[in-house]
Every structure is written in structure tokens, then in C-alpha cells.
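Asks: Here it is: the structure, laid out below.
The values are calculated or read from the model by the stated rules, or taken from the named source; none is laboratory data. Treat the numbers as computed from the prediction; the structure is a model and nothing was measured. Positions of Cβ are backbone-derived with ideal geometry, glycine not excepted, and every protein chain shown enters the neighbour counts.
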Amino acid sequence: MPLTVFTSDRFADHVNPPGHPERVERAAVMQVVASEIRQQGGRVIEPRPAIHDELARVHDREYLTLVRETAGRATALDPDTYTSPDTYEVACLAAGAGIAAVDHVLDGPARTRALAMVRPPGHHAERNRAMGFCLFNNIAVAAAHARSRGVARVAIVDYDVHHGNGTQWSFYDDPSVLFVSSHQFPFYPGTGEASAIGAGKGQGFTVNLPVEAGGTDTDFEVLYTQIAAPVLRQFRPGFCWRFQGIKTWAKRLSRAIAPN
């Protein structure tokens, strides 16, 4: 099944201050990748923006109002996270891309695949605050959307070098969403210890895989083949990817996250 990509030229309209690591050039890379996927027979689709009620599944409405009021101006939401005049619209589009990808997979034939390439990123954004370059928690919004459409179990696998604190807290007491994260520890944002496993009915549905700085391909292969893959198979998510070629994929993880 050809891959369908949800992305937009508008992701270049979110502009951080000069020297900021989350810079416009990232959007240019996305467009190069999208062009190559299109040449290989994939589809590239312009997403629609997430609406207020979709964002409110994981964010406080007061926080959403605060971010909406930044529209048209440049602001600092925290020491690392900024807006430019178009950022609010672009952030809604980034969250909407995840929602569109979920709908595409759920409404398509078996083995339908989708990829959302977006900015600003999302996994540090918490229910009531922006942080770590992130305004809306795009993946949490997408997972909540899948649940709203009747998917009983949703799995999120986060292999960024930083722990996805905002995504973890979004579902920390929710047994219907499994959160698996491999990340450098200790490192920003200071969360993601192995002992953080969820709370209440969600206990056991958060799986943190902290890795010391300098982790190798072998470390990631062990973590994903011996811990993450068995946990995901036991969870039996209704929305996740197929574990095909997991060994080869795991070997590539450290190279994939190294530039970050």
C-alpha cells in the first residue's frame, strides 16, 4: 500500500528567533522528503487545521485561548518556545495533520499507511502549557481523536532523544493508550525515569526506556526487541504499526535520532 503523507508548505510560516534550533529549514527538509515520496508513488495531502474541540481533548480551554491570542504577533511562551504572527494557524494545522492521518488509516482499506510531517513539534506540550518548542501536543491530539472514533486501544511509540513528557501526562492514568518512550536520560526535560509507569487504572501502560548518553545500536535493538515489541504485541493496539522487520528498524533508531 503506497504511503500517504500529510504535510504543508505552511509549516515554514512558523518562524522562531534567529539562532533557534527549531528553524524554518526543517520545513524545507519535509518538502524534499514529501517530493521524493510522491515520485515513488506515494500521495501528499494538505491537512486541515484542528478545531478547538479536537484540541480540547488534551488541552485546557484556557490554555487554548492563551495560544489563540498570540495570533498575529510574536511572543515568548516559555524560554524555548516562541510564536510568530502565523504560528497559531500553523500549530492548528500541525495538530490537524495528525487527525487527518488517523482518519485516512481508519477509513482506508487494510494496510493503509500514513505519515504526518509537521512543525511546530508537539510531544513536550502539556495540558496547560507550552514548552520545548511545542505548542499543541500533536500526537496526543491524534491519539485522542482515534479514541473518539471508537478505537479501543491506541499505542504511541516515541523514540526522540528527549522524553515526551506532555504525551506521557496526557494518558498517564488511561489504560486505553499505551505510551512507550526511549530517550536519553537524564536529559531535557528531566522526566522519563523507568519507574514512571502510569497511575491508577493506567498503571503499567506507560513504559519508559531511558538510555544513557552514547547509547549504541545494540542498546536500542535490545530495548525494542526484548521490551517494546513484546509489550506492544501484548497490548494489541487497534491503532499502531505492524512490527515487520523490527530488528532492522531498531538498528536504525540511534542514527535516526542522532541529529536531534
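Asks: Taking residue 28 as the residue in question, decide whether it is touching a strand residue (DSSP E or B) at 6+ places or on another chain (Cβ under 7 Å), exposed (fewer than 15 other Cβ atoms within 10 Å of the Cβ) and under 24 Å from residue 131 (Cα atoms).
Replies: no
Asks: Could you list, in sequence order, the residues of the stretch 87-97 that are crowded, with 22+ Cβ neighbours inside 10 Å and touching a residue at least 60 places away in the same chain (Cβ under 8 Å)?
Replies: Scanning the stretch 87-97 gives 87, 90, 91, 93, 94, 97.
Asks: What about residue 65, is it in the same structural domain as residue 109 (by TED's automatic domain parsing) and within 17 Å of residue 131 (Cα to Cα)?
Replies: Answer is yes for this residue.
Asks: Go through 26, 48 for me and flag whichever is closer than 29 Å to residue 172 by Cα, touching a residue at least 24 places away in the same chain (Cβ under 8 Å) and of a type in the set (Lys, Arg).
Replies: Of 26, 48, the one residue that is closer than 29 Å to residue 172 by Cα, touching a residue at least 24 places away in the same chain (Cβ under 8 Å) and of a type in the set (Lys, Arg) is 48.
Asks: Given (1) modelled with pLDDT under 95; (2) surrounded by 17 or more Cβ atoms within 10 Å (Cβ to Cβ), identify the lone condition not met by residue 84.
Replies: (1)
Asks: Would you confirm whether any residue within the stretch 98-107 is outside the structural domain of residue 17 (by TED's automatic domain parsing), assigned to a helix (DSSP H, G or I), buried (at least 18 other Cβ atoms within 10 Å of the Cβ) and of a type outside the set (S, T, N, Q)?
Replies: No: zero hits.
Asks: Tally time: how many residues in the stretch 52-73 are assigned to a loop (DSSP other than H, G, I, E, B) and touching a residue at least 24 places away in the same chain (Cβ under 8 Å)?
Replies: The qualifying residues number 4.
Asks: Which numbered condition in (1) assigned by TED's automatic domain parsing to the domain that holds residue 236; (2) out of contact with any Ser or Thr (no Cβ under 6 Å at 6 or more places or on another chain); (3) in contact (Cβ under 8 Å) with a residue 40 or more places away in the chain is the only one that residue 176 fails?
Replies: The number of the failed condition is (3).
Asks: Could you list all residues from the stretch 184-203 that are touching a strand residue (DSSP E or B) at 6+ places or on another chain (Cβ under 9 Å) and under 21 Å from residue 233 (Cα atoms)?
Replies: 194, 196, 197, 198, 202
Asks: Does residue 165 meet the test of being out of contact with any Ser or Thr (no Cβ under 7 Å at 6 or more places or on another chain) and on the phi < 0 side of the Ramachandran plot?
Replies: no
Asks: Given the conditions (1) within 23 Å of residue 124 (Cα to Cα); (2) at pLDDT 95 or above, and given that residue 240 satisfies all but one, which numbered condition is not satisfied?
Replies: (2)
Asks: Can I ask one more? In the stretch 32-49, what residues are surrounded by fewer than 17 Cβ atoms within 10 Å (Cβ to Cβ) and closer than 23 Å to residue 85 by Cβ?
Replies: Within the stretch 32-49, 46, 48 qualify.
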